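One structure below.
Here, each number is a calculation from the coordinates, and none is a lab measurement. As the structure is a computational prediction, the values presented were derived from the model and not from experiment. Here the Cβ is made from the backbone with ideal geometry for all residues, glycine too, and neighbour counts use every protein chain on show.
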Amino acid sequence: MTVHCAHRFVLDVRALGGDVLFTEALEPDWEPARQGARLNGLRTRGVWHDGDAESLLAPVWQASAPPFVHMLRVRMRAAGHEWCTDFKASEYFADAASAVVAARLASGQLAPGDRVRFAVAAYPVDQARPDGLRSRLSVVDRPQPLAPKKRDFSALAGRAIACGDTDPSDVEVVLPESVVEDICHRTKTAGARETGGILIGHLCCDEDRGDVGLEVTAHIPARHTVSEREKLTFTSDTWTDVRNAVALRKAGELLLGWWHSHPAFSWCARCPVDRQRVCRLATGFLSADDKALHRSIFPSAFTQALVVTHSVGGLDTRLFGWRNGVLKSRGFRLCRDIHSEPSLALSSVQQAASVVEAACTNQPREVGDAQVTASR
């Protein structure tokens, strides 16, 4: 798969007053945009853009301020259909901008507490191809065999409880309570070390609704991992074990994503209990390492990441997925299949956790935020 783009992209960082602080050339990762456009084709036209086809990417300018970019537009063609998918530039480049700002802070070019804003500009590249396009990225595409399962997904989702932050653009996800319950138990059993596993199930096609949805059927606990207080490492033996487990099930299930735990009660142990209860580490988030793993192993736009946080307030279950090329907290539906009470799964998605900008005194470096905020 080749993504063609005839432009180069530059990050423009300014003080809130408008003065230019610095500019820096970007080498964007276009794969999340490409995967999002592929899923859009499946959802809107029933067509999956295969790995042998090319995709074209171009900037959509801010109406009053070119060459600054408002949207990224990916154009695809497959099976006689052609479609475009737009991604908001301020969201798509946010992680890259934060990384650049953090590097400038570390080098002393920015001061702790400074606030900045950013924009992305695009300029035509030299030595463009004769058709006006130049190859910017080549991807070896080895996707899972994709065969959507026919399913009355609306009926399945209708029997489940809505959880988390919903967005109408998201693919609907149904998680069995038994799966979340087992994950919660494993999180508590793991204590002060992170643990995790792989979510498996089906990409379902609901012909009556004209859309697709995700049905998680099970999870495979990750064995042969390196489990630490602030990190979980999947090894090659882990993935071999997962592939063998899926094959033994003989149910045609896909790898829909992964899950892991955050032992926040251990990270925050030196803080007063009342502060732990309002610490932002007590709610689910994806660290930079988590995002890198997801991008590397689960780039398909329908894949998900489940995080269970174990804090002094109990368990907090959050789901994250790709939205407009960016990993975002998202909603899901919990399918009740456990009738005995109490249920760890149900309490973990219903409990209200206070999200405030309060950090613990011994906040782990891997999960900390930069002190300089890139705002738009």
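Some points to look at:
- Principal axes of the stretch 2-138: Cα extent on each, largest first, Å: 53, 33, 29
- The calculated FRET efficiency for the pair residue 114 and residue 68, based on their C-beta separation and a Förster distance of 25 Å, comes to about 0.70.
- Qualifying lysines (Cα of each under 20 Å from Cα of residue 88; at least 8 residues distant if same chain): 291, 328
- Rounded to the nearest 20, the Cβ-based charge dipole of the stretch 2-138 about its Cα centre (Lys and Arg +1, Asp and Glu -1) stands at 280 debye.
- Over all Cα atoms in the stretch 149-369, the spread is summed up by Rg and Dmax: 17.0, 54 Å.
- Positive-end ranking of 199, 264, 346 along the dipole of the stretch 149-369, with charges on Cβ about the Cα centre, is headed by 264.
- Extension gain for residue 147 to residue 24 (0.36 nm times residue separation, less C-alpha to C-alpha distance): 40.1 nm.
- Taking amide H as placed 1.01 Å from N in the peptide plane, the amide H of residue 70 sits under 5 Å from that of 60, 61, 62, each at least 5 places away or on another chain.
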